[in-house]
Amino acid sequence: MRYIFVFITLVGTALCFAESSSHDVNYWMKSENKEELSKTIEKCSNDPAKYSANADCINAKEAKKKLFKKNFLSN
């Protein structure tokens, strides 16, 4: 029984660390991350209730806004 508790604790901790690795707005604005940006925006848009507080979703959406403004103003 004790081993099950230890296992559950370790898995929970690992999941917390996996979720905490997020990218900043500058990462998302780089051209080499364009495809990943699109996939992240799509994932976040498909389930906004689940991902509304997700750092990657927030930063990706902000980067998309900035890229749009940058492209709009440059034309």
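Counting the residues of segment 56-75 that are surrounded by 14 or more Cβ atoms within 10 Å (Cβ to Cβ) and of a type in the set (Gly, Ala, Ser) gives 2. Where helices (runs of 4 or more DSSP H) fall wholly inside segment 25-75, the ranges with 1 or more residues that are among the aromatic types (Phe, Trp, Tyr) are 25-29, 48-51, 55-74.
No value in this document is a laboratory result; all are computed from the given coordinates. All values derive from a computational prediction rather than experimental measurement. Every residue, glycine among them, receives a Cβ derived from its backbone with ideal geometry; neighbour counts consider all protein chains shown.
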